[in-house]
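Enquirer: First the structure, then my questions, so here it is.
Bear in mind these aren't lab numbers, they're just calculated from the coordinates by the rules spelled out. Because the structure is a prediction, the values reported are computed rather than measured. Cβ atoms come from the backbone with ideal geometry, glycine included; neighbour counts cover every protein chain shown.
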Amino acid sequence: MFSSLRIRNYRLFFIGQVVSNTGTWMQRIAQDWLVLSLTGSSAAVGITTALQFLPMLLFGLYGGVLVDRLPKRPTLLVTQSAMALAGLALAALTLTGHVQVWHVYLAAFFVGLATVVDNPARQSFVSEMVGPGQLQNAVSLNSANFQSARLVGPAVAGLLITGVGTGWAFLLNGLSFVAPLASLLLMRGRELQAVRRAPRGKGQLREGLRYVAGRPELIWPIVLVGFIGTFGFNFPVWLSAFADDVFDGGAGSYSLFNTLMAAGSLVGALLAARRGTARLRLLIVAAAGFGALEIVAALAPSYWLFAVLMVPIGICGLTVNVTANTAVQMGTDPAMRGRVMALFMMVFMGGTPLGAPVVGWITDAYGPRVGFVLGGAVSAAAAITIGLVLARLGGLRLSVGWHHGHPRVRFVARERELAAASA
């Protein structure tokens, strides 16, 4: 489960990310709650989320082209420093009492700009640290790292918000970037896997798009995470609305919902680290389960049932993320990985600017339950549709029958059925 941590460079990277990710989750919770406090609007929270992910939608592919040209470690030093400055600036405004909602919007957009390059650089840098043999394990542990921080960050943010205010959460996030910066500086360059960088040239963006379009094993997982990222991952909108409007629980409940979802996500990440392979079948099942669980949670009649359902939602959501991420990375040529992962992250995260304001408006107009049901229904429908497409491309068809007196639904090879019919 933890085999890639034996590699020194990756171990340093992992430790730095634990600290930084904890600060990032603290800022996310504090940022959403600050906007809700300033405006009283779920739509405003959706706008904040949209602004943070809008740069990925607009410039994500160009970020991938840059990442394929640039050395990854110096690039990450620049992007991580930029995000640290954004956190410190927001802390100063909040602690001095001068913060306004447009300041939060601007900070979210600036972090999004840094993320355009930071995300594909971090994703593709993993393979340089660990090599292909440990890539699946390292990607899964990265997700476990992120979700572990998600357990601690919201809890600490909830205490800080109720105790001393949101400004301290922003300050601690800004300071937390010292850890990843130090880890990058302490790495041994000679132990990194050499990867051929793409030379500067025309048509590299189109080349990356053609590369993905010609490979069904890449394009369909990316399409699926696009639907789920756009409509199914708007948790800042839904959970803040459920905490404030449905259950009257305040910031403490919002923090609890995020913490329980993180616990489920951590379990999902550790299970992924043990598996060793990324099967598209598992991706489809996890995506369908994710959508179905969101619908069930939206209709939950009690506070604690809703809270408990955050755990399996976290497991399924993380399984979708890790399985799609690993399948796409392992199916991509290293020289194209920056552009392909930029497209992956642009679709997964960049869809949020499109979905978050719409979901926020529906949540404000028709209530949190309707908004949550919509997100789950779209996710489940996308999973089923793309599962059928992949099955058809793979020469499979859905078979419904009985086995030892019990109904059985499975995919079978068309050739097998034709052979059985001719016999």
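Enquirer: Could you order the peptides 246-259, 90-103, 282-295 from most to least packed, using the average number of other C-beta atoms within 10 Å per residue?
Expert: 282-295, 246-259, 90-103
Enquirer: Once a ≥ b ≥ c are taken as the square roots of the eigenvalues of the Cα gyration tensor of the chain, is the result rounded (a/c under 1.5), prolate (a/b larger than b/c) or oblate (a/b not larger than b/c)?
Expert: In terms of gyration-tensor shape, oblate.
Enquirer: Using a ≥ b ≥ c from the Cα gyration tensor of the range 57-98 (square roots of the eigenvalues), is it rounded, prolate or oblate, where a/c under 1.5 gives rounded and otherwise the larger of a/b and b/c decides, a/b for prolate?
Expert: It comes out oblate by the Cα gyration axes.
Enquirer: Could you tell me the distance between the Cα centroids of the range 70-136 and the range 301-322, to the nearest Å?
Expert: The distance from the Cα centre of the range 70-136 to that of the range 301-322 comes to 27 Å.
Enquirer: Moving on. Calculate for the chain the 222 nm mean residue ellipticity that helices alone would give, adding -39,500 (n - 2.57) per DSSP H run of length 4 or more and normalising by residue count, nearest 500 deg cm²/dmol.
Expert: -26500 deg cm²/dmol
Enquirer: Quick one: if you stick a label point 7 Å off each Cα along the C-beta vector at A182 and A335, how many nm between them?
Expert: 4.0
Enquirer: For the range 225-373, what is the relative contact order in percent, using Cα pairs closer than 8 Å and at least 6 residues apart in sequence?
Expert: For the range 225-373, the relative contact order is 41 percent.
Enquirer: Oh, and also: Counting other Cβ atoms within 10 Å of each Cβ, which trypsin sites (Lys or Arg not before Pro) in the range 245-351 have at most 12 and sit in a DSSP loop?
Expert: R279
Enquirer: Roughly speaking, what is the stretch gain from W361 to A92, that is 0.36 nm per residue apart minus the C-alpha to C-alpha distance, in nm to one decimal?
Expert: Gain on stretching W361 to A92: 93.8 nm.
Enquirer: Sequence gap at least 6, Cα distance under 8 Å: using those rules, report the relative contact order of the chain to the nearest whole percent.
Expert: Relative contact order of the chain: 27 percent.
Enquirer: While we're on this one: ³J(HN,Hα) across the range 236-244 via Karplus (A = 6.51, B = -1.76, C = 1.60, θ = phi - 60°), whole Hz, x for Gly/Pro?
Expert: These are the phi-based 3J(HN,Hα) values: x, 6, 5, 5, 5, 5, 5, 5, 8 Hz.
Enquirer: Quick check on the range 32-115: take the gyration tensor over C-alpha atoms, sort the square-rooted eigenvalues as a ≥ b ≥ c, and tell me if it's rounded (a/c under 1.5), prolate or oblate.
Expert: Since a/c reaches 1.5 but b/c is at least a/b, the shape of the range 32-115 is classed as oblate.
Enquirer: Can I ask one more? What does the extension gain come out to for L271 and R215, with contour length at 0.36 nm per residue minus their alpha carbon separation?
Expert: Working it through step by step, the gained length comes to 17.4 nm.
Enquirer: Can you tell me, using C-alpha contacts under 8 Å and at least 6 residues apart, the relative contact order of the range 282-335 as a whole percent?
Expert: Answer for the range 282-335 is 47 percent.
Enquirer: Could you give the nm distance between label points at L85 and R206, where each point is 7 Å from its Cα heading toward the beta carbon?
Expert: 3.6
Enquirer: Among all helices in the chain defined by DSSP H, which have a length of 24 Å or more along the axis from Cα atoms plus a Kyte-Doolittle mean of at least -1.0?
Expert: 8-39, 42-69, 72-95, 101-130, 135-163, 250-275, 280-298, 303-330, 368-393
Enquirer: Further question on the same structure: Could the peptides 159-172, 309-322 be put in order, highest first, of the mean number of other beta-carbon atoms found within 10 Å of their residues?
Expert: Those peptides, ordered most packed to least, come out 309-322, 159-172.
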